[in-house]
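The values are calculated or read from the model by the stated rules, or taken from the named source; none is laboratory data. Treat the numbers as computed from the prediction; the structure is a model and nothing was measured. Because the Cβ atoms are built from the backbone with ideal geometry, glycine has one as well, and the counts that use them run over all protein chains shown. Heads up: the accessible areas ignore ligands, DNA and RNA and are worked out on the full protein's heavy atoms, side chains in. Shrake-Rupley method; radii C 1.70, N 1.55, O 1.52, S 1.80 Å.
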Amino acid sequence: MPLLYLMGSLQDKEHPKELTGFSVCVKDKEINMMLANLYKKAGQERPSVTSYKEVLRQCPLALDAILGLLSLSVKGAEVASMTMNVIQSVPNLDWLSVWIKAYAFVHTGDNSRAINTICSLEKKSLLRDNVDLLGSLADLYFRAGDNKNSVLKFEQAQMLDPYLIKGMDVYGYLLAREGRLEDVENLGCRLFNISDQHAEPWVVSGCHSFYSKRYSRALYLGAKAIQLNSNSVQALLLKGAALRNMGRVQEAIIHFREAIRLAPCRLDCYEGLIECYLASNSIREAMVMANNVYKTLGANAQTLTLLATVCLEDPVTQEKAKTLLDKALNQRPDYIKAVVKKAELLSREQKYEDGIALLRNALANQSDCVLHRILGDFLVAVNEYQEAMDQYSIALSLDPNDQKSLEGMQKMEKEESPTDATQEEDVDDMEGSGEEGDLEGSDSEAAQWADQEQWFGMQ
């Protein structure tokens, strides 16, 4: 029976059975590799491990087989022992054992040690400017919550390889979160020109729609990406987020759970599920999940912040939330999500001066739209109107589509500052003209989005 027929016409769960007989006849490493991948996709881990090991026995430098074993929780030391003979006999292969060690850390969720190990590999002359390593490093920074370095590494990788598709869905998501929707649109166009048969272009386009608040379009694009690659975690997260924002929380939960199954070490999968629980007022389920994540992935700034986020929803656990956030910020003072949640807590307690100090410290070495906007809110609360306006302006320069910053500026125009108290009529006239200008800007923006919809061709 022809191999292409087997790969194209049989159901996934039938593949291993059919290919087993074929493999016995051919005894070829490519067949064993296909067999290993099919067993893995069918959830049959033990035969998948056996097949990957057979590939390595025949070809000790099969990197995909090494990654397959590591992804199935085979110890890095065991995998390295299967390649030791070839490392010792072939010159210039000293990097391979370090490479295996790095990806062993990746698959156990130890992002910090994985980053450090890959950075040490990247400095070696043989692997400098290696696109695969840069892509892995970008993904690790993303998982660790360091979005700035993640974006930088993705940009470096795509400069070296303009036809790079792998990982571009995460890159597009990060750009969309930063409000760089024009860059997201351009990225989507470039990826579609390369290939529309991968999930990544559809996910990038979906991120553009999601952050433009066109959730039904984002839902469709996410579903299309899943059709092309049912194992696309980013597509599942996109579709789940769109469903959640459309009020279809139970359907969203199914997608986030599937994402967790595929990527148990990715915190953003758990964050999406917990947000669904909180949206449906299932605080108990959210707390159980957050505690499990904390125990499974360890006490780092991200898991501490996630647990604190759930604690903030219950008045009884407010003090616990404060303790958790303090621990998170002690580990990583620049972690934006922890800063945002701590600012939220200080706002509830009306400790605006403490909040201002916290936000100024966080903004000392980075610039973020949300942090500038929240600082603006705090400054308004202490009557520092001019500086508040400056902060809103900075926020809008970073993300022109940030509605909350725009609302903050409009609200300030309606507030009467002490220096203008004697000029009520002039102030009223200025407010009227300011609101009219904002409405005109809104109409222009709506027209702009209507024009951009033609790019997708899916109305």
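Points to keep in mind about this one:
- Qualifying residue in region 201-211 (condition: free of Cβ contacts under 8 Å to residues at least 60 places away in the same chain, open to solvent by 40 Å² or more (accessible area, probe 1.4 Å) and more than 25 Å from Leu267 (Cβ to Cβ)): no
- Flag for Leu324 being over 21 Å from the mean Cα position of the chain (by Cα) and under 23 Å from Ser367 (Cα atoms): no
- Taking (1) closer than 29 Å to Ala338 by Cα; (2) part of a helix (DSSP H, G or I); (3) modelled with pLDDT under 95; (4) not hydroxyl-bearing (Ser, Thr, Tyr) in turn, Gly145 satisfies each apart from (2).
- For region 297-317, a residue qualifies if it is exposed (fewer than 15 other Cβ atoms within 10 Å of the Cβ) and in a helix (DSSP H, G or I), and the qualifying residues are Pro315, Val316.
- Tabulated pairs, region 51-77, first among the hydroxyl-bearing types (Ser, Thr, Tyr), second open to solvent by 60 Å² or more (accessible area, probe 1.4 Å) and not in a loop (DSSP other than H, G, I, E, B), C-beta under 7 angstrom, 6+ apart or interchain: Ser71/His107
- Among residues of region 379-390 that are touching a residue at least 12 places away in the same chain (Cβ under 8 Å) and β-branched (Val, Ile, Thr), those with a beta-carbon under 8 Å from a residue that is exposed (fewer than 15 other Cβ atoms within 10 Å of the Cβ) and part of a helix (DSSP H, G or I) at least six positions away or on a different chain give the pairs Val380/Lys411; Val382/Glu353.
- Across region 258-277, the qualifying residues are those that are part of a helix (DSSP H, G or I) and surrounded by fewer than 16 Cβ atoms within 10 Å (Cβ to Cβ), and the one among them that is farthest from the chain's Cα centre (by Cα) is Arg261.
- Whether a residue is closer than 26 Å to Ala395 by Cβ and buried (at least 19 other Cβ atoms within 10 Å of the Cβ) was assessed, and Ala241 passes this test.
- Cβ separations smaller than 9 Å between residues 6+ apart or across chains give the following pairs from region 97-125 residues that are outside any helix (DSSP H, G or I) to residues that are among the small types (Gly, Ala, Ser): Thr108/Ser73; Thr108/Gly76; Thr108/Ala114; Gly109/Gly298; Asp110/Ala104; Asp110/Gly298.
- Of all residues in region 201-251, those satisfying the criterion of being among the polar types (S, T, N, Q) and in contact with a helix residue (DSSP H, G or I) (Cβ under 7 Å, 6 or more places away or on another chain) are Ser205, Ser209, Ser212, Asn229, Asn231, Ser232, Gln234, Asn245.
- With respect to (1) touching an Asp or Glu at 6+ places or on another chain (Cβ under 9 Å); (2) within 25 Å of Arg177 (Cα to Cα); (3) modelled with pLDDT of 90 or more; (4) not charged (D, E, K, R), the lone exception for Gln366 is condition (3).
- Matching residues in region 367-387 - criterion: being in a helix (DSSP H, G or I) and open to solvent by 40 Å² or more (accessible area, probe 1.4 Å): Val370, Asp377, Ala381, Tyr385, Gln386, Glu387
- Criterion violated by Met159 - all others in (1) touching a residue at least 12 places away in the same chain (Cβ under 8 Å); (2) farther than 15 Å from Tyr211 by Cα; (3) in a helix (DSSP H, G or I) satisfied: (1)
- Test: residue in region 185-199 that is over 16 Å from the mean Cα position of the chain (by Cα), over 25 Å from Leu137 (Cα atoms) and buried (at least 16 other Cβ atoms within 10 Å of the Cβ): no
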